[in-house]
Amino acid sequence: MMFDFSSISYVLAAVLFILGIKKLSHPKTARDGNFLAAFGMFIAIISTLIFYSEINYQLIIIGMIIGAIIGATFAIKVEMTQMPQMVAIFNGFGGGASALIASAEFLNSGNITTFTMASIIISIFVGTLTLTGSFIAFGKLQGFISGQPIVFPGQQPLNALLALGLLFVGFLVVETDGQLNYFYIVIAISAILGITLTIPIGGADMPVVISLLNSYSGVAASATGFVLMNNGLIISGALVGASGIILTNIMCKGMNRSLANVIFGALGLEPESSSEGSGRQIAIKSYSTEEAAMIFDAAEKVIVVPGYGLAVAQAQHAVREVAEFLENKGKKVLYAIHPVAGRMPGHMNVLLAEANIPYEQLKDLDEINSEFEDCDVALVLGANDVVNPSARHDKSSPIFGMPILDVDKSRTVIINKRTMNTGFAGIQNELFGFDNSIMVFGDAKDMLQQLLKDLKDL
């Protein structure tokens with residue numbers, strides 16, 4: 001009877017997970033979706049504590065307290081600009097937790113069935129790979145490791161050799177009833193693979209990598225569920241793994257990347273761009289905020305294109321104030337959101353939602369691109385690679401083929417950057433030199449605040 005109640009609880013938790021994921025697909029319902037999913041996980045945890053015997057409640061309470069303190073500290077202190085790094089780390093912790101649980105089950109159990117042993121190997125492999133790969137992704141995003149692809153001769157053959165070696169040693173672990181030396185070799189190879197599959201991926205592709213690692217953490221959790229024969233863990237892990245793969249595929253399409261290339265660590269292996277667009281001197285036109293204000297005053301339709309520069313400057317509230325002022329003067333304001341703007345999926349949506357910008361004004365790439373042709377002013381705030389026209393024609397460019405926002409088709413493009421530094425892809429943006437483009441240098445927040453003041457003075 002207890003098993004029945006626990007199963008019903010896990011089914012209820014799974015339903016809440018699915019409803020939560022569905023609501024997370026839209027910014028307007030994302031907060032409710034997060035609550036539903038969290039409540040589902042609460043039910044799953046309580047059910048496990050009630051219906052499973054041989055549980056050390058003291059250790060669990062200590063772990064929950066420590067975890068709550070760490071989570072609350074991250075939630076309070078981590079800025080929105082560092083959210084991708086935090087997500088990367090949390091993906092790693094998830095994979096690491098799955099690997100630790102599977103390892104404990106391996107070390108503490110006596111007679112392990114072949115199926116359970118195979119599940120342990122899969123959990124340790126995927127979990128450890130996720131842990132080390134996530135740390136590499138964190139290092140690239142934080143600047144501890146170069147954001148450029150790190151490659152060396154024979155990198156792909158080495159990965160293939162490691163993968164084959166892992167399969168062989170994993171088979172030996174199963175066949176030798178858990179020989180300890182082979183077990184440690186599985187852990188070591190998995191850790192190395194996590195590093196070698198992630199370091200060749202350039203910083204511009206980190207949003208895809210974060211999404212993929214999130215999927216891996218779910219797969220590891222699901223495998224651990226089979227180790228423990230816990231239906232709740234199997235279901236929740238499978239949902240995370242599946243939704244992560246779906247999101248990764250969406251991100252790949254948004255960047256014209258191959259999902260297979262992401263999985264096998266081939267991103268960033270393209271040769272560096274040698275085109276004129278990356279090396280030539282671009283003649284730019286630098287304007288003051290006062291001159292830009294006059295252009296906005298004459299405009300009827302404005303499209304704001306947020307990028308990482310907006311996140312760094314925490315300028316989401318300032319851009320909302322400028323937009324509201326323009327709207328009060330009868331002008332139409334929209335926001336163009338590229339799928340990979342920022343450093344993780346949905347980064348810009350979260351920032352703008354935090355500033356209470358109406359969800360109806362947030363338009364994705366497919367919706368907004370047709371709007372640029374009759375747009376008077378496109379305001380680009382810290383975006384770089386996602387608005388670079390070289391993606392359409394420069395075959396030597398690392399972003400060639402990537403769908404971009406067609407801001408260059410606007411009558412006037414006002415670009416705000418702090419410097420002329422390149423984006424994560426490491427190439428110059430030819431848009432800066434277009435006849436209809438002007439530059440307004442400075443911190444995005446300071447620039448927008450001054451722009452608003454100049455607009456009011458007109």
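Data overview
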| quantity | calculated |
| --- | --- |
| Val219 being surrounded by 14 or more Cβ atoms within 10 Å (Cβ to Cβ) and in contact with a Cys (Cβ under 7 Å, 6 or more places away or on another chain) | no |
| Lone qualifier among Ile121, Ile55, Ile60 - being of a type outside the set (Lys, Arg) and in a loop (DSSP other than H, G, I, E, B) | Ile55 |
| Scope region 156-171; condition touching a residue at least 40 places away in the same chain (Cβ under 8 Å) and surrounded by 17 or more Cβ atoms within 10 Å (Cβ to Cβ); matching residues | Asn159, Leu166, Gly170 |
| Test: residue in region 400-416 that is of a type in the set (Lys, Arg), part of a loop (DSSP other than H, G, I, E, B) and under 23 Å from the mean Cα position of the chain (by Cα) | no |
| Cross-chain or 6+ apart pairs with Cβ under 8 Å, region 351-363 first and in the same structural domain as Gln314 (by TED's automatic domain parsing), then among the charged types (D, E, K, R) and surrounded by 15 or more Cβ atoms within 10 Å (Cβ to Cβ) | Leu352/Arg320; Ala355/Arg320; Asn356/Arg320; Ile357/Arg320; Lys363/Glu371 |
| Single residue of region 172-216 satisfying the filter (of a type outside the set (S, T, N, Q), closer than 14 Å to Leu131 by Cα and in contact with a Lys or Arg (Cβ under 9 Å, 6 or more places away or on another chain)) that is surrounded by the fewest Cβ atoms within 10 Å (Cβ to Cβ) | Ile199 |
| Flag for Pro153 being assigned to a loop (DSSP other than H, G, I, E, B), on the phi < 0 side of the Ramachandran plot and more than 22 Å from the chain's Cα centre (by Cα) | yes |
| Verdict on Ser7 being surrounded by fewer than 18 Cβ atoms within 10 Å (Cβ to Cβ), hydroxyl-bearing (Ser, Thr, Tyr) and not assigned by TED's automatic domain parsing to the domain that holds Ser215 | yes |
| Any hit, region 127-139, residues being assigned to a loop (DSSP other than H, G, I, E, B), hydroxyl-bearing (Ser, Thr, Tyr), outside the structural domain of Thr73 (by TED's automatic domain parsing) and at negative phi | no |
| Residue list for region 19-38, filter: buried (at least 16 other Cβ atoms within 10 Å of the Cβ) and in contact (Cβ under 8 Å) with a residue 24 or more places away in the chain | Ile21, Pro27, Ala30 |
| Within region 190-240, tally of residues that are part of a helix (DSSP H, G or I) and within 20 Å of Glu105 (Cβ to Cβ) | 23 |
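Matching residues to (1) closer than 21 Å to Lys253 by Cβ; (2) at pLDDT below 95; (3) outside any loop (DSSP other than H, G, I, E, B):
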residue	(1), (2), (3)
Ala311	no, yes, yes
His317	no, yes, yes
Val340	yes, yes, no
Leu352	no, yes, yes
Ser370	yes, yes, yes
Ala391	yes, yes, yes
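The values are calculated or read from the model by the stated rules, or taken from the named source; none is laboratory data. Please read all numbers here as calculations on a predicted model, not as lab measurements. Glycine gets a Cβ as well: all are built from the backbone with ideal geometry, and neighbour counts include every protein chain shown.
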